[in-house]
Structures are given as structure tokens and as C-alpha cells.
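Values quoted throughout were computed directly from the atomic coordinates according to the rules given, and no laboratory measurement underlies them. On a predicted model such as this, the values are computed, not experimentally measured, just so you know. As a convention, Cβ positions derive from the backbone with ideal geometry for all residues, glycine included, and neighbour counts pool all protein chains shown.
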Amino acid sequence: MADIIQLLPDHVANQIAAGEVVQRPASVVKELLENAIDAGANSIKLIVKDAGKALIQVIDNGKGMSATDARLSFERHATSKIRSAEDLFSLNTKGFRGEALASIAAIAHVELKTKLDDDELGTLIEIEGSTIKSQEVTVTPKGTSLSVKNLFFNIPARRNFLKSNNVELRHIIDEFHRVALAHPTITFAMYHNGSESFNLPESNYRQRIVNIFGGKTNEKLVPVEEETEVLKISGFVGKPEFAKRTKSEQFFFVNNRFIKSAYLNHAINSAYEGLVKDGSYPSYFLNLTVDPKTIDINIHPTKTEIKFDDEHTLYAILRSSVKHSLGQFNIAPVLDFDRDNNLDTPYDYKDKNASTPTIEVDRSFNPFQDEKPVSKSSGVSTSYRKEPAAQWESLYVGLESKGTKVEHDFSEVEFESESENASLFAEDKLVETTQTTYQLHNKYIISTIKSGMLILDQHRSHQRVLYEGFLKHLTVKEAVSQQLLFPLTLEFTSTEMESLRQLKEDLEHTGFVFSSFKDKAIEITGVPINVPESEVSIILEQLISDVEQEVPDSNFSATDLLAKSMSKSLAIKTGQSLTRLEQEHLVNSLFACKEPSVSPTNRITFITMSVDDFDKKFM
Ligand code: ADP
Ligand code: MG
């Protein structure tokens, strides 16, 4: 057989390499910003049009390039950053593979303007799909400006594969944040479609975080500082009560490079163990400094993964210093064995003699008695079933005189949650009938039916009920709104505001009333009926996170997403105990739904078991 192996032509090799380096507009942003930093710039501008599909331009005031270097920079494996493989182990630049510009130029229209500080004139190069279109001398300020237009113009499949502008823009903003966070002493600005999205002046690390994520972030931050022989840690972690529904505020930087590490992330999570709820993510902004010799960042073309020589030690140090910081700022609960016991006794009772608690026994109570016909004589068992609270109160006999402050607070808390539950079932006026429902482990509701037994998942079932209600309001656009006594102001980041703006109209159809929609905050004067004010920020945060996770495609419907998200936030949770009326109401409402058998996210809401099934089990 004849020889069949050929060397790939350069432009093909470049296109293939581009596939690895450039997945989407955000990858270009990352490479260009990193080049600007490597060039020593202290001011960097990012200009984006149509989420980077039309234009990505980075302008820096760094050292610039000579005409020859400018031409060479587009060659594959052309780099000024390393000369030999050994240099990889003392690296202090972002780039080193010499692939980025070659790859980008293979799949886009690129224009480079650059000038060395000492030179009078600079160089302008235009290049399309690896072909140089022109090179000339030009007047340009010191530094480099690189514009990338029509990304993937020659690979239609890749271009079609790009997500909506929203999704792509979010990826770009993520990259921008990562680079800007790693370099607080560099001034950054970002513009999208002609308007300024970020303006980040030179600052310290805390200010940089606040400038990016909004003024409210400041109070959330707890500093972390640790220096050991192998590792230096500096930065901030978020107070547990501010943990977010998304991972959008979790950042690790190793030697000023953003990296992803599930292992180190685990170390942080374990430091927060017991302090944050499942499904919430603590914020962290941590810079790790290690000897470049002890890491390998060469394992992935985008260099976001890293191999550490001694991961276990890093894990332990990281975990303990985060724990220490949380503890120092009195956030982690501390066990204090030397505590004066008197402090635990309500003041009023400190000097009183302990009184023997009274025990009341219902001598007429017969557990085997048929409960259905409620006879007047068995007074206790009736009151037990009607008012479980009465039984609770009897536990506090003797403690009831002047209510201490603490007791007072308690009753208020209970009252609030009661009224909240009650409002969920506002029209409930069922008269006491025989018991047909039963709650199992505060999770399932069991009800008898003709053929046997029905078992409902309370959380999923309630989601279905709320979901259909919201959908109806959204489609007929006539939701009922309850006015807030005081307007509620909530702050969001620019990215979050972007998502909210899109959903504003739909939110209004569910009953939200907005009095202002500013750059980084919204003011709410009305909320949908049945939505407690305290839940509003949680609902909106959940909603934003759902929008971000949803990959909008042709089937994407904001209405549906909103209904899903709100029902998820507001539905009765697993673990919540329900009164009998609430249980019955839930069963009835579920079966009044159009599609009772599945939750809005297509999970089963109930199962049935027939008497036959039981009979089989008892054979
Ligand atoms: P790498 O960054 O891995 O070296 P690139 O393809 O990103 O590879 O860039 C190639 C070379 O072009 C760099 O090594 C650098 O010398 C030069 N270069 C790229 N961007 C800039 C810039 N903004 N300012 C000055 N020089 C640059
Ligand atoms: Mg580079």
C-alpha cells in the first residue's frame, strides 16, 4: 500500500488547536485579558458586542510589541514567555503555550494595533482565518489593542453551537470577574453594546470584591490569612448566613490564576459543615500562593486545572484556616464548658425554688377505643385531636407567670409561621370530619381511598398545586398583589440585574409591583398574594439561579420557568409538619390540578397501593 500519512497544513492544525483553546467568546476574552496582564498593563479595557459574537476587543497600556513580534505573535508555539521546558517550573506569567493568538486568528477576523513605549509609530496587522490581509505602520497609543470579530466565521457548526447572547455574555462576565479579582491593582473596565457594565478602579482586594459584587458584600466578608512553609492563604470567606443558592461567588486563585478544584472546594465545604444548609453555597475569594515548582498547570489548554504535589497538606491547611477564621469572628458555634449555669436560667426564676411539675393523667383514656365516634365523655382525647397546642402548654405549667423576653419572642415566631401556613390554605373552612389523612415523617401524606391507600410527597405535590396556580395567573395576566407597608429594596449584581430585567414583565404578572429598577437595586412595593415578604429575596435569588442554570433554547419559556421556580421556593418543604386540615387541603388541591401525577419538574407526586397489594404482602 502507498504511504498515506501527511503533515497537516498550518491553518488546519491551528483550527484544530483552536477547538481546544477557544470554546466560546468567553475563552477569547480570557486569553486576551491574560495577554494584557502578562504585558504589564495597569489599565485594561474590554469591549464586547453581541455577547462577543460580533466583537471582542481588549485594549491595554502594556509594553506593546515590535513590528516583528507583532507578526510572529500569530504563529503557533510563538511565545516570549518561556524558552525551555524548565521555565515551566518558575512561571509567573499567565500564558506560555504560544497558542492563543494563532488559534484565535485561525477562526476569526483579527485586527492588532500595537506600539512599544519608545517607538514613534506602531504596527497594524489584519488577519482572517490565519491569512495575513495587511500589515502597515500606524499611529496608536502605547500598548496593544486586539479586536476579534465574527468568531467562528469559518466553522459554521461551532457558530451555531453557541448559546443565546445571555448565556454567552454570562460566561464572558465570569471570565472578566476571575481576571479582575486576581488583579485588584489593575484598573479594569468592561463595555457591552456601548454601555458600561463594570468600572473597577485600582484598589485593595476587599474593595475589588465589593466593586464587583455590590456594596452589600462588604459586611459578608470574613478575612482569612495564613502563612505556612508550603502555602500562603489570603482572602475572604463569606459569613455562613449569606450563603448563596448558586456557586457564583466561589473563587480560588493559585499564584494569581483562577483555578477550579473540586478537592479544595471540598475542604472549604467541610469547614462550613453544619453552618450552611444543603443546597446553599458559601462565598469564598481565596488566594493561595505556592512555590511554582510544586504545581503543574500544564495539564489543560485553558489552564484552569492544576496538579499540586501535596494536595493532602493543602486540604488540611485550607480547611483549618477557614474554620479558624469563621470561629474567630464568632460565626462557628463555640462550645463553652466553663459557662456559668446561672446565665442559662431566666432571671425571674433564678432565686425561686424549683417546683414539682404537675402531671395530669387522663384515666379514662383507652388506646384501644374506637376513635371515630367522638363521645363527649372522653374530653381529653377530643381536645388532644383538636388542639395539640394545649398539650404543649401543659408542659410549661408552673413556668408561666411573667413571660420573659425569650418566651415572648418565641410566641411571636410561632405566630408568624402559623399565619404563613394558614394563608397558604386561606379558604380552609372544613368542618371536623373523620380522619382520612395522616402525615408520615413530615414528608409523606397518607390518605385512604376506595381501592386502598394513597401516598403523597408533600413537597412535590404542593409544587404542582402552586405551579398551576402561577401559570394561570401568568397567562391571564391578572394576578392579585398585596401591597407592602414599606417598599422593599434589594441589591443585586449587574449580572443578576440582567436576568431580572428579562423577567420583570412576567414577575409583574404574578403580582410583583416594582417601583424602581436601577443599576444594582430594585425596589418592590407589592408582592403576589401568599408570598411572605421575608421570602421575596429568596424567591428572586432562586429564580436568578434557575435562569442561569437553564440553557435557554427554542423551548425556553420565561413564564414556565418563573412558575416553576416560584413554586419550588414557596412549596411546603419536606420536614414541615402539617395540620390535618392542611393535609386534606393539599390532597384535594392536588387532585384538582390538570396534571396531578407529576411535579413541575416531572417527578412523581404520589403513589397508590391497593388492598390487593397489601393482601399479597400478608400472604
Ligand atoms: P502566550 O501568551 O502563551 O505566550 P499568545 O498566543 O497568547 O501566547 O501570545 C503570543 C505572544 O504575543 C506572547 O508571548 C507575547 O509576547 C505577545 N503578546 C500577545 N498579546 C500581547 C499584548 N497584549 N501585549 C504585548 N505582547 C503581547
Ligand atoms: Mg496568551
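Approximating the spin labels as points 7 Å out from Cα along Cα→Cβ, the Asp10-to-Ser66 distance works out to 1.9 nm. When the GluC sites (Glu not before Pro) in the stretch 186-220 are filtered for DSSP coil states and for at most 15 other beta-carbon atoms within 10 Å of their beta-carbon, the remaining sites are Glu202.
Let a ≥ b ≥ c be the square roots of the eigenvalues of the Cα gyration tensor of the stretch 506-606; is it rounded (a/c under 1.5), or, if not, prolate (a/b larger than b/c) or oblate?
oblate
Rounded to the nearest 20, the size of the Cβ-charge dipole of the stretch 570-616 about its Cα centre is 240 debye, with Lys and Arg at +1 and Asp and Glu at -1. Taken about its Cα centre, the stretch 212-328 carries a charge dipole of roughly 540 debye when the Cβ of each Lys and Arg holds +1 and the Cβ of each Asp and Glu holds -1.
A crude spin-label estimate for the pair Lys133 and Glu491, with each label 7 Å from Cα along the Cβ direction, gives 4.5 nm. Note on Ser515 and Lys307: the extension gain reaches 69.8 nm, defined as 0.36 nm multiplied by sequence separation minus the Cα-Cα distance. At full extension, Thr246 and Met453 could sit 70.6 nm farther apart than now, given 0.36 nm per residue minus the alpha carbon distance. Legend: calculated FRET efficiency, Glu535 to Thr436, from the Cβ-Cβ distance at R0 = 30 Å, rounded to 0.05, equals 0.45. The phi-based Karplus calculation (6.51 cos²θ - 1.76 cosθ + 1.60; θ = phi - 60°) puts the 3J(HN,Hα) values of the stretch 438-446 at 8, 9, 10, 6, 6, 9, 10, 10, 10 Hz, whole numbers, x for Gly and Pro.
In this structure the amide hydrogen of Arg257, modeled in the peptide plane, comes within under 5 Å of no amide hydrogen from residues 5 or more places off or on another chain. Karplus-based coupling profile of the stretch 275-286, in residue order and whole Hz: 9, 10, 6, 4, x, 10, 10, x, 7, 8, 9, 10, with θ = phi - 60° in 6.51 cos²θ - 1.76 cosθ + 1.60 and x standing for Gly or Pro. Annotation: extensible slack from Lys163 through Glu196 equals 9.6 nm (criterion: 0.36 nm per residue apart, minus Cα-Cα distance). Computed from backbone phi with θ = phi - 60° and the Karplus coefficients 6.51, -1.76 and 1.60, the 3J(HN,Hα) list for the stretch 150-159 is 6, 4, 6, 4, 9, 10, x, 4, 5, 5 Hz; x is used for glycine and proline. Model label points for Ala78 and Lys277, set 7 angstrom from Cα along the Cα-to-Cβ axis, are 5.6 nm apart. Summarising the amide proton neighbourhood of Leu484: residues at separation of 5 or more, or on other chains, whose placed amide H is nearer than 5 Å comprise Gly526, Val527.
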